[in-house]
Amino acid sequence: MQFTLHHQATILPDALVVPIAQQADLDAIFSLLAAKTNVPADLIKSDFKAGPKEAHTLYFTENQQSKRIFLLGLGENPRSIDVLNAFRSFVFKRKSNLPANLGVSFLHQNAPAEPAVWVEATVNGLLLGLYDIGLYKTTKKEEEKAADSEIEIFVTEQHLEAAAVALQSGIAFAATHTEIFNLVNAPANKKTPQVLAEWAEKSGQKHGYEVKIFNEKEIHALGLHALISVNRGSENPPAFIVLEYKPKGNRPLKKIGLVGKGVTFDTGGLSIKPSTNMHYMKSDMGGAAAVMGTIEMAAKLQLPLHVIGVIPATENSVDAMSTKPGDVIGSYQGKTIEVIDTDAEGRLILADGLTYAVRNFEPDVLIDLATLTGSCIRTLGTYAGGLFSNNDDLVGQLISASEKTGERLWRLPLWDDYKKELKSDVADLKNFSGNPSAGAITAAKFLEEFIEKHPAWAHMDIAGVAVSDSEFSSQKSATGFGIRLLIEYLTSLVAESRA
Ligand code: BES
Ligand code: MN
Ligand code: ZN
């Protein structure tokens, strides 16, 4: 796709998409469309309700040329993810016969006050509509044509400048999302910890940030004992990946530490999982993917922040060497852990990642993302990630970013009452209480033991949202959850420090 921006509709393309939010009174828009197309306004009104992803086509001729207008519904009060998904769906359904020249108009009065946000999400969505999940198919469909479409975006003159910036970031987001989708959707045999490490190295070289990979030997030397214990049953060595983006020139406004769970496949270990749906455990590195995507985007956008990503990466597999239930292991922090359940492996590797991030970087803010618990899915379903934090201001900022992008977060408590569930008879603490209730909370309480009392920590349990059912694939597939959200949060920090 090629994109151009215009500030007036001098040339009307053969096909024009008009994105429309659902609101009480769409009559003014419908009358305009009626005047243009000769279709009575009341017919348009009865056939198009502007619901999410709803598309309706109008035909007319102008100067003896056939023209099409696609009305594209965005639903009520659309957040950027709703705009993105409407356009993604639009292209996805039509990718074999997308018009060679397609306009998107933000000129009508129902367009938002700040169309730049929509332009960014629109471009991101149009490009992701072309996303091809069939990475390993030996025969490709004839769908590449859509990739050649020319997209003309119309905004009013006063918004031209902001829209030009938004257009570029939409392209940047789509490229990063595509990479991250490919990683999260990849099967475990194509996605060892080494593959994640190589992805980070390549991305760092391409976008100008530092990447340090610690190999197995170095992981032992560092004393990442919890990561080592999870890796024991795996034929593939672990990797400890540290990504560090620093702005050029000026002193960064803040230092943000991000930690992502990088389990490239979770069998459960000796506390093995049932086989139904076990294949989805290839995506147990969704937290790592969100962190890697965020750092890549921070570098592309040249944010004036120092952003550090820490990814402990390993499989959780079964072998004679595997850690056994009841084993007592060490940690980078120094505490000993009784491993009651080897399937509670995410918190073990995150424990080492969190302590490492705090001790080695002293970030102002510490955030981890992990597909951590089935309990979080039972609590919030697939509609929101669980948010845990010891800092109310940070919660406010993250929730506000999440409301803007539409990647929902819901705060759950971290009361100390839950801590006693983690008391062990033989070690400093255990990794699972044996009690399945409030599992997402006790997991968060476990992590809290390893943050060295950091005053601004947030944990996001994204087990229910990192992959989802959608029209884009027959099985659950990657959503990229967290990247737009964290970039929105980081951008808001920049605006705040400059205000
Ligand atoms: N990776 C899983 C959590 C998960 C489950 C993510 C389903 C996505 C979909 C995690 O490692 C896990 O196995 N958690 C256990 C913890 C329990 C043994 C304390 C769980 O939630 O059942
Ligand atoms: Mn597990
Ligand atoms: Zn897991």
Calculate the translational D of the range 1-83 in whole µm² s⁻¹ from Stokes-Einstein, where the hydrodynamic radius comes from the Kirkwood formula applied to all Cα pairs, the temperature is 4 °C and the viscosity 1.567 mPa s.
94 µm²/s
Estimated dipole of the range 177-240 in Debye, rounded to 20 [Cβ of Lys and Arg +1, of Asp and Glu -1, Cα centre]:
80 debye
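Using only Cα atoms, what is the ratio of the radius of gyration of the range 396-460 to 2.2 N^0.38 Å? Intermediate results must be reported in sequence, preceding the final value.
Values: Rg = 14.1 Å, N = 65, 2.2 N^0.38 = 10.7 Å.
So the Cα radius of gyration is 1.31 times the expected 2.2 N^0.38 Å.
Using the Kirkwood radius over C-alpha pairs as Rh, can you work out the diffusion coefficient of the range 256-387 via Stokes-Einstein at 4 °C, viscosity 1.567 mPa s, in µm² per second? Walk me through the numbers before you get to the answer.
Details: Rh = 15.8 Å.
Translational D for this selection: 82 µm²/s.
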With the cut-off at 32 Å, tell me which of the pairs Lys140/Lys191; Lys202/Lys453; Lys246/Lys430; Lys324/Lys453; Lys190/Lys248 have Cα atoms farther apart than that.
Lys202/Lys453; Lys246/Lys430; Lys190/Lys248
Grab the eigenvalues of the alpha-carbon gyration tensor for the range 84-177, scale each by 5, take roots, and send me the semi-axes largest first in whole angstrom.
27, 14, 10
Per residue, what volume in Å³ does the convex hull of the Cα atoms of the chain enclose?
154 Å³
Give me D for the range 2-176 in µm² s⁻¹, whole number, from Stokes-Einstein with Rh from the Kirkwood sum over alpha-carbon pairs, 4 °C and 1.567 mPa s.
79 µm²/s
Heavy-atom accessible area of the range 349-499 with neighbours in place, 1.4 angstrom probe: carbon+sulfur share in percent works out to 49 percent
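Using 0.36 nm per residue, how much length does the chain from Arg68 to Asp469 gain when fully extended, once their Cα-Cα distance is taken away?
141.2 nm
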For the range 379-466, what's the relative contact order in percent, using C-alpha pairs closer than 8 Å and at least 6 residues apart?
45 percent
Extension gain, Asn250 back to Trp415 (0.36 nm per residue minus Cα-Cα distance, nm)
55.4 nm
Nearest-20 debye value, the range 244-380 charge dipole, Cβ charges on Lys, Arg, Asp, Glu
640 debye
Hey, what angle do you get for helix 439-448 against the long axis of the chain, alpha-carbon based, 0 to 90 degrees rounded to 10?
70 degrees
Counting Lys +1, Arg +1, Asp -1, Glu -1, what net charge surrounds Asp393 among other residues with beta carbon under 15 Å of its beta carbon?
-1
For the chain, the dipole about the Cα centre with charges only on Cβ (Lys and Arg +1, Asp and Glu -1), to the nearest 20 debye, works out at 420 debye
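Report the net charge of residues surrounding Phe214, where surrounding means a beta-carbon distance below 15 angstrom and charges are Lys +1, Arg +1, Asp -1, Glu -1. Walk me through the intermediate numbers first.
Numbers: positive: Lys212, Lys217, Arg359; negative: Glu198, Glu201, Glu210, Glu216, Glu218, Glu244, Asp352.
With Lys, Arg at +1 and Asp, Glu at -1, the neighbours total -4.
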At q = 0.18, 0.28 Å⁻¹, what base-10 log of I(q)/I(0) does the Debye formula yield for the range 82-126 when every alpha carbon is treated as an equal point scatterer in vacuo?
-0.56, -1.07
Karplus-derived HN-Hα couplings along the range 65-74 (A = 6.51, B = -1.76, C = 1.60, θ = phi - 60°), whole Hz, x at Gly and Pro:
10, 6, 10, 10, 10, 9, 7, 10, x, 10
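What is the projected area of the convex hull of the Cα atoms of the range 320-412, averaged over all directions, in nm²? Walk me through the intermediate numbers first.
Working: hull surface 31.0 nm².
Averaging across all directions leaves 7.8 nm² for the Cα convex hull.
For the range 236-327, which whole percent of the accessible surface, found with a 1.4 angstrom probe, sits on carbon and sulfur atoms? Mind dumping the intermediate values first?
Details: 1690 of 3060 Å².
That fraction is 55 percent.
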Which value in deg cm²/dmol, rounded to the nearest 500, describes the helix-derived mean residue ellipticity at 222 nm for the chain, given -39,500 (n - 2.57) per DSSP H run of n ≥ 4 and division by the residue count?
-11500 deg cm²/dmol
Under a 5 Å amide H to amide H cut-off, with H placed in plane at 1.01 Å, what residues pair with Val104 once short-range neighbours are removed?
Val17, Glu152, Ile153, Phe154
Mean separation of Cα contacts under 8 Å (6+ apart) over length of the chain, as relative contact order %
14 percent
Virtual spin-label span in nm between Glu218 and Gln2, 7 Å along Cα→Cβ:
4.4 nm
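What is the extension gain from Glu157 to Lys206, computed as 0.36 nm multiplied by their sequence separation minus the C-alpha to C-alpha distance, in nm to one decimal? It would help to have the intermediate numbers written out before the result.
On the way: separation 49, 0.36 × 49 = 17.64 nm, distance 3.42 nm.
Here the segment from Glu157 to Lys206 would lengthen by 14.2 nm.
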Accessible area per residue for the chain in Å², computed with a 1.4 Å probe and the full protein assembly in place, what is it?
43 Å²
With labels modelled as points extended 7 Å from the Cα through the Cβ direction, what inter-label distance (nm, one decimal) is found for Asn435 paired with Lys36?
6.1 nm
Dipole check, the chain, charges on Cβ (K,R +1; D,E -1), about Cα centroid: among Asn124, Thr405, Asn390 the Cα furthest to the positive pole belongs to Asn124
Report the GluC sites (Glu not before Pro) located in the range 206-243 that are in a DSSP loop and have at most 11 other Cβ atoms inside 10 Å of their Cβ, or state none.
Glu235
For the chain, the longest site-free run once chymotrypsin sites (Phe, Trp or Tyr not before Pro) in DSSP loop states with at most 12 other Cβ atoms within 10 Å are removed:
137-382
In nanometres, what is the gap between the two model label sites at Ala320 and Arg498, each 7 Å from Cα along Cα-to-Cβ?
6.2 nm
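The values are calculated or read from the model by the stated rules, or taken from the named source; none is laboratory data. In this text the structure is predicted, and so the values were computed from the model without any measurement. Neighbour counts are summed over all protein chains in view; Cβ atoms, including those assigned to glycine, are modelled from backbone coordinates with ideal geometry. Just so you know, the surface numbers come from the protein's heavy atoms only, side chains and all, with ligands and any DNA or RNA stripped out. Shrake-Rupley method; radii C 1.70, N 1.55, O 1.52, S 1.80 Å.
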